[in-house]
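Here the structure comes first, spelled out in structure tokens, and everything after it is commentary.
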Amino acid sequence: MQYGTDMKPMFVLAPMDDVTDTVFRQMVASCAPPDLFFTEFVNVDGLMSPGRPNLLKKLRFVAPEGKVVAELWGLKPENFLAVCQQIADGSLAGELGLPDGVNFYGVDLNMGCPAKSEVKNGACAALIRPENRDLAKSIIEAARAGLRQGRTLTQMPLSVKTRTGFIAVDMTWFEFLLRQNLDMLTVHGRTRKQMSKVPADWEIIGKVREMRDELGVKTLIVGNGDVMSREQGERLAEQYKLDGIMIGRGIFHNPYIFATTPQNLLWEDCPPKERIALFRRHVELFAATWQHGERPIHTLNKFCKIYIQGFDGAKELREKLMAANSTNTLLTILKEAHTKYNDNRETD
Ligand SMILES: Cc1cc2nc3c(=O)[nH]c(=O)nc-3n(C[C@H](O)[C@H](O)[C@H](O)COP(=O)(O)O)c2cc1C
């Protein structure tokens with residue numbers, strides 16, 4: 001199996017912790033699906049500990065989402081091996097309640113998260129540091145061995161998502177990664193030190209693609225950072241000859257961001273009642289998916305801002321919605337608002 005080489009450029013929804021769960025991915029898939037989804041990142045050391053049940057929610061998905069890559073992070077190669085084996089043999093998907101034959105599409109290794117809590121232990125972006133290269137290699141090899149041991153028919157693809165350096169841009173990191181025989185490499189065009197404070201550097205992403213060509217390896221190169229529309233992504237992919245474009249925060253401004261124009265323009269003109277209906281569907285899915293309080297209700301507030309904006313009365317409606325403390329209350333408010341905006345439209 002290979003990442004989607006038939007689609008050029010391939011569009012990917014970025015993994016965003018506490019944002020891109022199965023519910024939001026289903027919403028994005030229903031608006032305008034990307035070619036590939038990632039789960040939120042999940043810690044393999046936690047998965048192989050008594051804390052496992054708590055972490056499984058981050059891996060949940062449903063078949064209609066399409067291609068879903070499990071994003072993993074951690075420190076212990078043996079845990080990467082075990083979890084990758086469980087992913088490849090389908091036992092983890094079974095544990096998540098998925099029917100036979102429905103499985104993750106691939107595995108991604110997070111080597112870019114800049115958060116202090118992860119980096120201080122030597123995980124995620126800390127793996128970029130030259131002194132941690134042996135560990136990075138062991139993790140990639142363990143993940144690959146796990147995917148091989150657990151494989152049923154074909155080997156699942158293995159990818160890495162990373163930044164351009166730790167303190168400064170470090171092309172030796174990319175040379176190292178490109179020699180690991182990865183199926184895909186996503187480059188977020190900032191160093192760890194830059195966090196999100198400066199614009200993403202697409203020149204470096206382009207240089208990684210050039211290096212890939214010079215080394216003659218097959219790893220697909222996906223660029224990431226500050227892409228706010230599909231058209232912008234297409235232009236960047238063409239300019240730097242990239243295989244794919246990953247979009248994260250752009251989805252907050254347009255849930256139809258992956259649609260091809262002219263559908264993409266529809267979000268600006270999307271009437272209030274349809275925006276309200278979208279949030280209503282999101283809340284209904286949330287209530288049906290997280291029935292045991294796995295996700296607190298206030299986590300819906302960040303989604304409220306995506307849908308309930310750009311029309312008269314949106315701010316007041318948002319304030320009411322964000323004060324709600326149950327999905328039933330939210331649905332009642334949304335139903336009333338939907339009727340109101342429906343009536344308004346009919347009397348226009
Ligand atoms: C709220 C939030 C959570 C994130 N969580 C993850 C994560 O779990 N795994 C990961 O690889 N990157 C994570 N990222 C980084 C994004 O995947 C992406 O690389 C970054 O936002 C830059 O892309 P953008 O400018 O299109 O948003 C997160 C970003 C945000 C804003």
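The values are calculated or read from the model by the stated rules, or taken from the named source; none is laboratory data. From a predicted model like this one, the values you see are computed outputs, not experimental measurements. Here the Cβ is made from the backbone with ideal geometry for all residues, glycine too, and neighbour counts use every protein chain on show.
Could you say which residue among Lys120, Lys193 is within 16 Å of the ligand (Cβ to nearest atom), at pLDDT below 95 and more than 27 Å from Gly66 (Cα to Cα)? I'd like the intermediate steps shown before the answer.
Values: Lys120 fails: within 16 Å of the ligand (Cβ to nearest atom).
Criteria check complete, one pass: Lys193.
Selection of region 123-154 for residues being more than 23 Å from the chain's Cα centre (by Cα), closer than 24 Å to Val12 by Cα and at pLDDT 95 or above yields an empty set.
Starting from residues that are farther than 30 Å from Leu266 by Cα and of a type in the set (S, T, N, Q), keep the ones in region 32-52 and report whichever is nearest to the ligand (Cβ to nearest atom). Reasoning before the result, please.
Looking only at region 32-52, we keep the residues that are farther than 30 Å from Leu266 by Cα, and these are 41-52.
Subsequent filtering for residues that are of a type in the set (S, T, N, Q) retains 43, 49.
Working: Asn43: 11, Ser49: 19 Å.
Here the answer is Asn43.
If I ask for residues that are within 23 Å of Ile128 (Cβ to Cβ) and charged (D, E, K, R), which ones from region 142-161 would you list? Of everything in region 142-161, those that are within 23 Å of Ile128 (Cβ to Cβ) and charged (D, E, K, R) turn out to be Arg144, Lys161.
Of everything in region 221-233, what is touching a Gly at 6+ places or on another chain (Cβ under 6 Å) and more than 10 Å from the ligand (Cβ to nearest atom)? Give them in sequence order.
We begin by selecting, within region 221-233, every residue touching a Gly at 6+ places or on another chain (Cβ under 6 Å); these are 222, 225, 227-228.
Listed by number, the list holds a single entry, Val222.
Each row is one residue, and each column tells you yes or no for (1) out of contact with any helix residue (DSSP H, G or I) (no Cβ under 9 Å at 6 or more places or on another chain); (2) hydrophobic (A, V, I, L, M, F, W, C).
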| site | (1), (2) |
| --- | --- |
| Met195 | yes, yes |
| Val198 | yes, yes |
| Arg209 | no, no |
| Lys218 | no, no |
| Gly233 | no, no |
| Glu238 | yes, no |
| Ile247 | no, yes |
| His253 | no, no |
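When region 89-112 is filtered for residues that are in contact with a strand residue (DSSP E or B) (Cβ under 8 Å, 6 or more places away or on another chain) and either modelled with pLDDT under 95 or among the small types (Gly, Ala, Ser) (or both), the ones remaining, listed by number, are Gly106, Gly112.
The criterion of at least 1 residues that are exposed (fewer than 15 other Cβ atoms within 10 Å of the Cβ) and among the polar types (S, T, N, Q) is met by the following helices (runs of 4 or more DSSP H) wholly inside region 295-347: 301-307, 327-347.
Residues that are outside any loop (DSSP other than H, G, I, E, B), in the same structural domain as Asp100 (by TED's automatic domain parsing), within 14 Å of the ligand (Cβ to nearest atom) and out of contact with any helix residue (DSSP H, G or I) (no Cβ under 9 Å at 6 or more places or on another chain) occur at least once in region 151-169. With respect to the conditions (1) outside any loop (DSSP other than H, G, I, E, B); (2) at pLDDT below 95, Thr261 falls short on a single one, namely (1). Scan region 257-272 and give yes if some residue there is without any contact (Cβ under 8 Å) to a residue 40 or more places away in the chain, under 19 Å from the mean Cα position of the chain (by Cα) and within 16 Å of the ligand (Cβ to nearest atom), otherwise no. Looking for residues that are without any contact (Cβ under 8 Å) to a residue 40 or more places away in the chain, under 19 Å from the mean Cα position of the chain (by Cα) and within 16 Å of the ligand (Cβ to nearest atom), one finds none in region 257-272, hence no.
If you check Lys76 against the conditions, is it charged (D, E, K, R) and either away from the ligand (no atom under 14 Å from the Cβ) or on the phi > 0 side of the Ramachandran plot (or both)? Here the answer is yes, as Lys76 does meet what is asked.
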